[in-house]
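Heads up, the thing below is written out as structure tokens.
The values are calculated or read from the model by the stated rules, or taken from the named source; none is laboratory data. Here the structure is a predicted model, which is why all the values come from computation and not from measurement. We place every Cβ from the backbone using ideal geometry, glycine too, and count neighbours over all the protein chains shown.
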Amino acid sequence: MATIFVTPAEAKALYERDAVLVDIRGRDEWRREHIAGAYSLAPEQIHAGCFSDKTLSQTDTVIFHCQSGMRTDNAAEQLSASVYPAKALIMQGGLNAWKGAGYPVKIDHRQPLPLMRQVQIIAGGLALGGTLAGTLLAPAFYIVPGVVGAGLMFAGVTGWCGMAKLLALMPWNK
């Protein structure tokens, strides 16, 4: 089945006429910021028939989006199968394009930043701090950015990030 893409303007118009809007980002990302009325469906929950309790028909339309459009693009066939026999659409550019078009989103600043953003902030801070300390205090501090870089490479290759696991245990992420 061919993937059908819609612009944020088209998605908004369809949503206002009873289309179902589904955000496939992680639950922590959705809690922090989402389009009002959009359902959250984490990527690991997507499978053929996962909407069977909604009794979707051929006349129903489901619009999927993520943050930038990459996750929906990569999962297009799986997303279509999950809502069959309904029509599956993918919003181009995701939530970023929605906001770029000036449409509103619900933001809950009490929710923590998404875990991967926390990892990026901590890793960047450690790398910068280690580099500055190596330059200003002692060359031995250069080991800090080296260790951070090695950790990021390991996480990229294996899919396991120790820093993310540690941050997930922090009280603000509960």
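Just the residues that are closer than 11 Å to Ile90 by Cβ and either modelled with pLDDT under 90 or under 13 Å from the mean Cα position of the chain (by Cα) (or both), please, taken from region 37-69. Please lay out each step first, then the result.
So the first thing to find is which residues in region 37-69 are closer than 11 Å to Ile90 by Cβ, and the list is 62-66, 69.
Result: Phe64, His65, Cys66, Gly69.
Just for helices (runs of 4 or more DSSP H) wholly inside region 15-116: which have at least 1 residues that are outside the structural domain of Leu167 (by TED's automatic domain parsing) and farther than 25 Å from Ala168 by Cα?
On the way: elements: 27-32, 70-74, 76-83, 94-100.
In region 15-116, the matching helices (runs of 4 or more DSSP H) lie at 70-74, 76-83, 94-100.
Could you grab the pairs with beta carbons closer than 6 Å, sequence gap of 6+ or different chains, first residue in region 12-30 and farther than 19 Å from Ala97 by Cβ, second one at pLDDT 95 or above and not in a loop (DSSP other than H, G, I, E, B)?
Matching pairs, first to second residue: none at all.
Go through region 153-165 residue by residue and tally those that are in a helix (DSSP H, G or I), under 17 Å from Ala127 (Cβ atoms) and among the hydrophobic types (A, V, I, L, M, F, W, C). Break it down stepwise before answering.
Restricting attention to region 153-165, the residues satisfying the condition of being in a helix (DSSP H, G or I) are 153-158, 162-165.
So of that shortlist, the ones also under 17 Å from Ala127 (Cβ atoms) come out as 153-156, 162-164.
Among the residues that remain, those that are also among the hydrophobic types (A, V, I, L, M, F, W, C) are: 153-155, 163-164.
Number satisfying all stated conditions: 5.
Looking at Pro104, Pro139, Pro112, Pro145, can you tell me which residue is of a type outside the set (S, T, N, Q) and either in contact with a His (Cβ under 9 Å, 6 or more places away or on another chain) or without any contact (Cβ under 8 Å) to a residue 12 or more places away in the chain (or both)?
Pro139
In region 79-113, which residues are under 24 Å from Ala164 (Cβ atoms) and surrounded by 15 or more Cβ atoms within 10 Å (Cβ to Cβ)?
Selection gives Gly94, Leu95, Gln111, Pro112, Leu113.
Please determine whether any residue of region 75-86 is free of Cβ contacts under 8 Å to residues at least 40 places away in the same chain and of a type in the set (D, E, K, R).
Within region 75-86, not a single residue is free of Cβ contacts under 8 Å to residues at least 40 places away in the same chain and of a type in the set (D, E, K, R).
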